[in-house]
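J.: Next up is a structure, given as structure tokens.
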Amino acid sequence: MRRIAVLTSGGDAPGMNAAIRAVVRSADARGVDVYGVRKGYQGLIDGEVSHLSARSVSGILHLGGTVLGSARCDAFRTPEGRALAVKRLQLHKIEALVVIGGDGSFRGADALSVESDIAVVGIPGTIDNDISGCDFTLGFDTAVNTALDAIDRIRDTAASHQRAFFIEVMGRSSGWIALFSAIAGGATEVLLPEQPTDIEALQTRINDAFDMGKQYCLVVVAEGHELGGAFAVAAACGETITGNHRVTALGHIQRGGPPSMRDRMLAARLGDAAVTALLDGQNRVMVGEVDREVVRTPLERSWSVVDPMPQDLLDLMDRLAR
Ligand code: F6P
């Protein structure tokens, strides 16, 4: 294999740049040329493809976002759109594509590979951590740390005013960011999309927390929660909870900022592993870390299998929140 391309697709995630760098440097070390595609699949269709030298990826390791840009591209969902993308790759004599993104991006990559002779390898890159075949996705660790920084600040003011706070975190329809930031942030309650919520029990739990002498009460709400987020949950709790309460939706700050050490290490390993997989003749696989080992998983698993929330962590949350 002489020439490959790399793109980032879907929601950006901290660590994507470190992964781009790792792909380029690892390929360069093995005599493989890398082309960067700007703006995800849309840029591929539009022909925004240019050579990336080992030097051109200097100084991006620590940057959040993605220097290649990203997009959610409807045209790529059609065979016609993908055919255009294949033509662009063939024009540059590119034999394989590394896609850094989430399950939607992997669906597109898989279809492209089935319809052409372009090999594809995926690197899981999304703050949501909702991809099967890896312990953690790129960006998840940083996003949780960012949420924690905000939660720690909210605790200061919540304690000063003896308030309950409903804090909404991202994650689309998955509760990974919520569960991890709730445990690590010392929340009283976490509301996940994966579990039904009993509002009366929640009200009681909040009131009991104050009755037991807590000076504040933090409720972390996943944005994909059945009621529709933290504002809706706060409204459902109404005036029945002790004292006054406030709501904060953390929003896109969770997506930005420099990647954590864990995300940089993951990016380095997976970028390198993606190139190795291609050189080994692999196709339609995702590289991910499981129990500190890099493993290859069929791309299809990333969207067809939903890993359950770890029961031990749900139980831990319950035990520590009293
Ligand atoms: O998938 C990453 C993510 O940040 C989700 O957590 C969130 O639901 C979504 O993207 C937001 O998408 P957008 O940036 O298009 O509003």
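The values are calculated or read from the model by the stated rules, or taken from the named source; none is laboratory data. Just so you know, these numbers come straight off a predicted model, no measurement behind them. Positions of Cβ are backbone-derived with ideal geometry, glycine not excepted, and every protein chain shown enters the neighbour counts. For the accessible areas, the whole protein counts, side chains as well, though only heavy atoms, and no ligand, DNA or RNA atoms are used. Shrake-Rupley method; radii C 1.70, N 1.55, O 1.52, S 1.80 Å.
J.: For the range 151-182, name all the residues that are polar (S, T, N, Q) and over 26 Å from Asn129 (Cβ atoms).
T.: Correct list: Thr157, Ser160, Gln162.
J.: Only residues in the range 116-129 that are farther than 30 Å from Glu194 by Cα count as the first member; pair them with residues that are part of a strand (DSSP E or B) and within 16 Å of the ligand (Cβ to nearest atom), Cβ under 9 angstrom, at least 6 apart or cross-chain, and list the lot.
T.: Every condition considered, the pairs that remain are Val120/Val99.
J.: Let me ask you something else. Answer with yes or no whether Ser26 is touching a Gly at 6+ places or on another chain (Cβ under 9 Å), of a type in the set (S, T, N, Q) and closer than 16 Å to Ala268 by Cβ.
T.: In short, yes.
J.: Follow-up question, since we're still on this one. Examine the range 259-275 for a residue that is within 16 Å of the ligand (Cβ to nearest atom), without any contact (Cβ under 8 Å) to a residue 24 or more places away in the chain and not β-branched (Val, Ile, Thr), and state whether such a residue exists.
T.: For the range 259-275, residues within 16 Å of the ligand (Cβ to nearest atom), without any contact (Cβ under 8 Å) to a residue 24 or more places away in the chain and not β-branched (Val, Ile, Thr): absent.
J.: Could you check the range 55-163 for helices (runs of 4 or more DSSP H) lying wholly inside it with 1 or more residues that are within 16 Å of the ligand (Cβ to nearest atom) and open to solvent by less than 10 Å² (accessible area, probe 1.4 Å)?
T.: Because the criterion is at least 1 residues that are within 16 Å of the ligand (Cβ to nearest atom) and open to solvent by less than 10 Å² (accessible area, probe 1.4 Å), the helices (runs of 4 or more DSSP H) in the range 55-163 that meet it are 103-114, 140-161.
J.: What tally of residues in the range 22-42 results from selecting those that are surrounded by fewer than 24 Cβ atoms within 10 Å (Cβ to Cβ) and either in contact (Cβ under 8 Å) with a residue 60 or more places away in the chain or assigned to a helix (DSSP H, G or I) (or both)?
T.: Residues flagged as surrounded by fewer than 24 Cβ atoms within 10 Å (Cβ to Cβ) and either in contact (Cβ under 8 Å) with a residue 60 or more places away in the chain or assigned to a helix (DSSP H, G or I) (or both) within the range 22-42 amount to 7.
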